[in-house]
Amino acid sequence: MVRLAGWITRRRDHGKLVFLDLRDASGMVQVTCHATTTKDAWTTAQEVRPEYVLRVEGKVAARPKAMVNPKLPTGEIEILATRIEILSPAAELPFPLEETAKVGEEIRLRYRYLDLRSSRMQRNIKTRDRFLTQLRRELHACGFVEIETPILTRSTPEGARDYLVPSRQRPGSFYALPQSPQQYKQLLMVAGFERYFQLARCFRDEDLRADRQPEFTQLDIEMSFVTQEDILSLTERVLYRACKAQKWQLPKPPWPRLSYATVMKRYGTEQPDLRKEKKKPYPLEPLFITDFPLFEGKEGKYWQPSHHMFTAPRPEDIPLLKTNPSKVRSLQHDLVINGVEVGGGSVRIAEAGLQREIFQLVGISAREAEEKFGHLLRAFTFGVPPHGGIALGIERLLQLGLGEKSIREVIAFPKNHIGVDPMMGTPAPVNPQQLRELGLRLASFRKVRNKKKKPR
Ligand code: ASP
């Protein structure tokens with residue numbers, strides 16, 4: 001006798017014989033109820049509808065030869081039910097659970113807990129778990145330490161807008177959600193950990209596009225006493241093994257490394273797609289790009305960093321900072337796979353004087369530098385190892401590996417294209433008492449809107 005529990009995917013009624021496809025997290029099995037030999041079960045089976053939750057007792061039997069389903073791992077057997085108990089009925093579904101790629105995204109997100117029942121989403125979310133586990137395993141094997149850094153932090157300048165969290169205890173002051181753990185990971189190098197990683201949640205308040213989410217996960221890495229080449233070879237080794245473990249096809253390291261100038265000349269884009277046949281997702285074709293210009297251009301009087309302002313210039317180009325900043329190349333590196341930027345990082349500035357010089361060029365005054373980055377500049381006076389790192393976008397890697405169209409397909413509970421979670425109704429107003437405690441008052445939206453519309 002076996003006892004199984006799960007959801008009903010399908011019910012097929014042949015009169016005297018009812019077949020139920022019973023599904024749980026581990027797979028699917030066919031349950032057979034017969035009007036004469038197993039009358040009790042057969043009677044209950046009359047009421048059963050898709051997505052009912054049942055407990056089934058019965059015997060495992062070999063299926064008759066003609067009924068064997070070679071497509072199913074359990075296709076050679078069936079459960080002859082002796083007893084069926086309905087644990088929970090299910091209302092009619094808002095959409096069918098297979099082929100969900102064709103269903104409107106809004107409704108899928110509103111009923112995400114149903115959408116996640118589909119075999120595709122089960123596969124995606126379980127692959128995500130296995131991929132992250134493998135990355136962790138590989139990094140631990142290379143002597144890395146996983147360290148969590150704060151979510152409530154201070155604004156990090158990574159080029160996007162911060163999400164702010166008002167402080168109740170210090171009215172008028174705000175935490176910021178991290179755009180990345182950049183400064184913390186550098187401080188962990190000063191702290192002597194040498195090899196850090198984190199599956200870090202990052203928050204950026206940007207205008208959303210197909211491949212963006214307000215929050216996403218990075219494999220964040222930082223290493224001490226390394227060259228740029230050390231960072232790249234570690235990255236390709238770890239990533240190659242984690243991808244191979246998912247049976248994704250990709251070339252063995254070393255992967256190609258091209259300078260920014262070569263890439264722009266050869267492909268005319270920073271994100272070239274090296275695949276020969278671009279319609280198929282496989283194989284994954286990775287490429288490292290190096291030697292980026294330190295600054296991507298000038299805005300008014302000030303220079304805009306190509307990566308971020310902690311990125312080191314190439315040592316031989318440092319004199320050009322004074323004479324011709326546009327010609328300074330950096331120790332930044334990007335990883336592009338199939339035309340998608342999946343990661344980026346750099347060797348860092350590890351000297352307070354040089355860091356101050358860069359702050360000045362990007363328009364941060366000495367006073368502002370002290371106020372916002374005093375901790376980092378001070379840390380650099382206490383013995384700082386040369387260090388650098390990289391961050392890889394987990395969702396983009398999974399999207400590519402699984403051949404999905406959007407990163408939302410590899411996140412259990414994503415936001416939609418305008419940053420809304422239609423299931424929870426996030427974001428949502430809060431009650432006036434909560435605002436009062438925080439010392440906040442809302443400006444009327446109408447007023448704000450009217451103000452904007454006024455002719456200048
Ligand atoms: N913090 C950087 C980013 O999020 C990555 C890095 O420089 O390691 O893009």
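The values are calculated or read from the model by the stated rules, or taken from the named source; none is laboratory data. These numbers were taken from a predicted model, which means no experiment stands behind them. Every residue, glycine among them, receives a Cβ derived from its backbone with ideal geometry; neighbour counts consider all protein chains shown.
Provide a single number: the residues in region 148-177 that are surrounded by 17 or more Cβ atoms within 10 Å (Cβ to Cβ) and among the hydrophobic types (A, V, I, L, M, F, W, C).
Final tally of qualifying residues: 3.
Yes/no per residue for (1) farther than 14 Å from residue 23 by Cα; (2) of a type in the set (Val, Ile, Thr); (3) not in a loop (DSSP other than H, G, I, E, B):
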| site | (1), (2), (3) |
| --- | --- |
| 81 | yes, no, yes |
| 85 | yes, no, yes |
| 91 | yes, no, no |
| 94 | yes, no, no |
| 101 | yes, no, yes |
| 109 | yes, no, yes |
| 122 | no, no, yes |
| 130 | yes, no, yes |
| 135 | yes, no, yes |
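Which one of these is loosely packed, with under 13 Cβ neighbours inside 10 Å, modelled with pLDDT of 95 or more and on the phi < 0 side of the Ramachandran plot: 244, 252?
Exactly one of 244, 252 is loosely packed, with under 13 Cβ neighbours inside 10 Å, modelled with pLDDT of 95 or more and on the phi < 0 side of the Ramachandran plot, namely 252.
Tell me the residue from 31, 18, 103, 56 that is of a type in the set (Val, Ile, Thr), under 25 Å from residue 120 (Cα atoms) and at pLDDT 95 or above, please.
Among 31, 18, 103, 56, only 31 is of a type in the set (Val, Ile, Thr), under 25 Å from residue 120 (Cα atoms) and at pLDDT 95 or above.
If only one of 130, 120, 137 is closer than 20 Å to residue 394 by Cβ and buried (at least 17 other Cβ atoms within 10 Å of the Cβ), which one is it?
When all the criteria are applied, what remains is 120.
Of all residues in region 169-210, which are in contact with a Lys or Arg (Cβ under 7 Å, 6 or more places away or on another chain) and within 26 Å of residue 234 (Cα to Cα)?
Answer for region 169-210, where residues must be in contact with a Lys or Arg (Cβ under 7 Å, 6 or more places away or on another chain) and within 26 Å of residue 234 (Cα to Cα): 179, 186, 196.
Would you be able to tell me the number of residues in region 391-445 that are surrounded by fewer than 18 Cβ atoms within 10 Å (Cβ to Cβ) and not aromatic (Phe, Trp, Tyr)?
Of the residues in region 391-445, 34 are surrounded by fewer than 18 Cβ atoms within 10 Å (Cβ to Cβ) and not aromatic (Phe, Trp, Tyr).
Looking only at region 395-427, count how many residues are in a loop (DSSP other than H, G, I, E, B) and at negative phi.
16
Select from region 385-423 the residues that are β-branched (Val, Ile, Thr), farther than 24 Å from residue 290 by Cα and either touching a Ser or Thr at 6+ places or on another chain (Cβ under 9 Å) or within 16 Å of the ligand (Cβ to nearest atom) (or both) and list them in ascending order.
407, 410, 411, 420
Here are 197, 193: which of them is more than 20 Å from the chain's Cα centre (by Cα) and outside any helix (DSSP H, G or I)?
None of the others qualify; the one that does is 193.
If we only count strands (runs of 3 or more DSSP E) wholly inside region 292-382, which ones have 3 or more residues that are among the aliphatic types (A, V, I, L, M) and either buried (at least 20 other Cβ atoms within 10 Å of the Cβ) or within 13 Å of the ligand (Cβ to nearest atom) (or both)?
Filter on region 292-382 gives 332-337.
Has region 238-256 got at least one residue that is basic (Lys, Arg) and over 23 Å from the mean Cα position of the chain (by Cα)?
yes
Please go through region 182-194 and give me each residue that is more than 12 Å from the ligand (Cβ to nearest atom) and buried (at least 21 other Cβ atoms within 10 Å of the Cβ), ordered by number.
Within region 182-194, 188 is the sole residue that qualifies.
Could you check region 212-260 and list, in sequence order, the residues that are part of a strand (DSSP E or B), of a type in the set (A, V, I, L, M, F, W, C) and within 15 Å of the ligand (Cβ to nearest atom)?
216, 219, 221, 223
Report, ordered by the first and then the second residue, all pairs with beta carbons closer than 9 Å, sequence separation of six or more or different chains, a first member in region 325-341 that is more than 16 Å from residue 354 (Cα to Cα), and a second member that is away from the ligand (no atom under 14 Å from the Cβ) and of a type in the set (Lys, Arg).
Note: pairs meeting the criteria are 326/298; 333/257; 338/275; 338/278; 339/275; 339/278.
Of the residues 369, 379, only one is modelled with pLDDT under 95, closer than 21 Å to residue 154 by Cβ and not charged (D, E, K, R); which?
369
Any chance you could count how many residues in region 137-173 are assigned to a strand (DSSP E or B) and modelled with pLDDT of 95 or more?
6
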